[in-house]
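Okay, handing you the structure first.
The values are calculated or read from the model by the stated rules, or taken from the named source; none is laboratory data. Source: prediction; values computed, not measured. Cβ placement follows ideal geometry from the backbone for every residue including glycine, while neighbour counts extend to all protein chains displayed.
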Amino acid sequence: MLPIIRLPRSVQLSLASTAGALLQPPQGRQIDFSRPFGEEALVSPDSISWRIFKNPIALMVGGIAAVILELAEPAVRTGVWQHSSFLKDPVGRLRRTGMAAMVTVYGARSISEPMIRGVVGMHARVAGETPSGEAFSANDARLLRWVHATASFGFGEAYNRYVSPLSQLDFDRLYREGAPAARLYGVDDAPRSAADVHALFDSMQGRLESSDIVFEFLRIMRATPVLPAPLRWLQPLLVSAAVELIPGWIRACLGLTACHGLRPPQRLMVRLAGAVSDKIVIPDSPPTLACQRLGLPKAYLFGRGSP
């Protein structure tokens, strides 16, 4: 087990800027995860979720994997590609999505619940037709279930593969922990176990389809500067690491071959980055501030080993 790592201030500032690049919108209301003091989040600090979402490697790799899976579903793909700011401002879109995940997991309820209501309200205004003429609405329960399941799968599998192994019970617990927040987003039948998630994936055979948009998304994620310059060399590896999380039959369906994944030395590099980042305490990050809000030590999530 790696010990807690406390780095020089200059290095911590670089890592903090990396976390900010992934999480904080360039404009808009700043979220104070340290207030109101003592107020609980939707998920408890001893949860699997709190441990997984603190890790920036799992967050980025899992988030990219989730988007790949979402883009495989034609209605979700049309909604994301035609009704969001991703094409015009991919970094801003990623930051807003990352911050929404942080608020959902770590934010005080008085902050997270209104934010979720706002997201639901925005989704209510998104509707249209796929290129094949199928009508869709962003608040359709079936589509919301797919988006929620792919996100939970992506973050959990990224942590399991590149940070620290999770057991079957850990995965089941992760999915159960996400169900209350999922209901607030409009998902009443969120998968509550790994078996539920795999059954949902299997049910999508014949529904998921290949699209040039998936490859355009991967190109954007490799080319758009998301990480700070000193760490930008790692970004293409994280994109390839995300591809490797996609179940084999879906990769085949999308046309994602071995060349889109990692070579063995690269795989080891991503795993090392994930393991090391899991032990670095960044003082002003959402997980650390949320621990302070609940009267817990700053290093609470970083010194107790794997989930």
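Answer yes or no: is there a residue in the range 73-87 that is over 16 Å from Y300 (Cα atoms), assigned to a helix (DSSP H, G or I), modelled with pLDDT of 90 or more and under 16 Å from the mean Cα position of the chain (by Cα).
no
If you check every pair at least six apart or on different chains, which have Cβ atoms under 8 Å apart with a residue in the range 88-114 that is charged (D, E, K, R) first and a residue that is buried (at least 16 other Cβ atoms within 10 Å of the Cβ) and not in a helix (DSSP H, G or I) second?
Here the result reads R93/S84; R93/F86; R95/Q24; R95/P25; R96/P25; R109/A41; R109/L42; E113/L42, each pair linking the range 88-114 to a residue that is buried (at least 16 other Cβ atoms within 10 Å of the Cβ) and not in a helix (DSSP H, G or I).
Let me ask you something else. Quick check: is even one residue across the range 277-285 surrounded by fewer than 18 Cβ atoms within 10 Å (Cβ to Cβ) and either under 18 Å from the mean Cα position of the chain (by Cα) or part of a helix (DSSP H, G or I) (or both)?
no
Select from the range 227-271 the residues that are in a loop (DSSP other than H, G, I, E, B) and of a type outside the set (A, V, I, L, M) and write down the one among them that is surrounded by the fewest Cβ atoms within 10 Å (Cβ to Cβ).
Taking the range 227-271 first, the residues in a loop (DSSP other than H, G, I, E, B) are 227-228, 246-247, 255-257, 261-263.
Narrowing further to those that are of a type outside the set (A, V, I, L, M): 228, 247, 255, 257, 261, 263.
On the way: P228: 14, P247: 14, G255: 12, T257: 10, G261: 18, R263: 12.
For the range 227-271, the residue satisfying everything is T257.
So how many residues does the range 35-72 have that are of a type outside the set (D, E) and assigned to a loop (DSSP other than H, G, I, E, B)?
Step one: list which residues in the range 35-72 are of a type outside the set (D, E), which gives 35-38, 41-45, 47-69, 71-72.
Among the residues that remain, those that are also assigned to a loop (DSSP other than H, G, I, E, B) are: 35-38, 42-45, 47, 54-55, 72.
Total satisfying the criteria: 12.
What pairs can you find where one residue is in the range 226-245 and over 9 Å from A65 (Cα atoms), the other is in a helix (DSSP H, G or I) and of a type in the set (D, E, K, R), and their Cβ atoms are less than 6 Å apart, with a gap of 6+ or different chains?
Listed by first residue and then by second, the contacts come to P236/R222.
Next up: I'd like the full set of residues that are at pLDDT below 95 and hydroxyl-bearing (S, T, Y), limited to the range 88-119.
T97
What is the residue count in the range 178-198 for residues that are part of a helix (DSSP H, G or I) and either closer than 17 Å to A72 by Cβ or in contact with a Phe, Trp or Tyr (Cβ under 9 Å, 6 or more places away or on another chain) (or both)?
Qualifying residue count for the region: 4.
Let me ask something else. Test P114 against the criterion of being surrounded by fewer than 17 Cβ atoms within 10 Å (Cβ to Cβ) and part of a helix (DSSP H, G or I), and give yes or no. Show your work before the answer.
On the way: surrounded by fewer than 17 Cβ atoms within 10 Å (Cβ to Cβ): yes; part of a helix (DSSP H, G or I): yes.
When the stated conditions are applied, P114 passes them.
M122 versus (1) modelled with pLDDT under 95; (2) of a type outside the set (K, R); (3) farther than 26 Å from L227 by Cβ; (4) buried (at least 16 other Cβ atoms within 10 Å of the Cβ): which is the lone unmet condition?
It is condition (4) that M122 fails.
Another one. Any residue in the range 199-207 that is polar (S, T, N, Q), surrounded by 18 or more Cβ atoms within 10 Å (Cβ to Cβ) and assigned to a helix (DSSP H, G or I)?
Of the range 199-207, the ones polar (S, T, N, Q) are 203, 205.
Pick out the ones that are also surrounded by 18 or more Cβ atoms within 10 Å (Cβ to Cβ) and you get none.
No; the residues of the range 199-207 include none that is polar (S, T, N, Q), surrounded by 18 or more Cβ atoms within 10 Å (Cβ to Cβ) and assigned to a helix (DSSP H, G or I).
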